[in-house]
Amino acid sequence: MGRHNEFGKEGEEIAKNFLEKKGYSIRYRNYRYLQAEIDIIALKDNVLAIVEVRSRSSEFIENIAETITPKKIKLLVMAADHYVTSKDLDVEIRFDVITILKNKSVFKIEHLESAFYHF
């Protein structure tokens, strides 16, 4: 596994722990449907958060959350719809982004709730 993949997995673990500390129940990690993958599916107060985790290891000028393409959003929506339908859930769905910026040994975590909409 490449170093960037290892850091990506580390970022997902940090995001999972962050969400749990905020009272979320983690329902699934790395949920796959066709070509789509949802990093984290979490539930809190009858809201199902579909969470995309973005990790970087240096101070980029670029806004990490803005690296999510329309194609990626379409895939996330498709996978979320499949998950909710297959589990027969009656919940509100929200699409969040958690960004993790690593500068040396310090991690900066940002949770953007309702980062994008599915319509």
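So the values come out like this:
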| item | result |
| --- | --- |
| Residue within segment 97-117 that is over 23 Å from residue 14 (Cβ atoms) and either out of contact with any helix residue (DSSP H, G or I) (no Cβ under 6 Å at 6 or more places or on another chain) or modelled with pLDDT under 90 (or both) present | yes |
| Identity of the residue in segment 79-97, surrounded by fewer than 16 Cβ atoms within 10 Å (Cβ to Cβ) and in contact (Cβ under 8 Å) with a residue 24 or more places away in the chain, that ends up farthest from the chain's Cα centre (by Cα) | 89 |
| Failed item, numbered, when residue 4 is tested on (1) under 18 Å from residue 110 (Cα atoms); (2) modelled with pLDDT under 95; (3) not hydroxyl-bearing (Ser, Thr, Tyr) | (1) |
| Residue ID - modelled with the lowest pLDDT, chosen from residues in segment 17-61 that are assigned to a strand (DSSP E or B) and among the small types (Gly, Ala, Ser) | 55 |
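The values are calculated or read from the model by the stated rules, or taken from the named source; none is laboratory data. Computed from a predicted structure; not experimentally measured. Ideal geometry is used to build each Cβ from the backbone, glycine not excepted, and the neighbour counts take in all protein chains shown.
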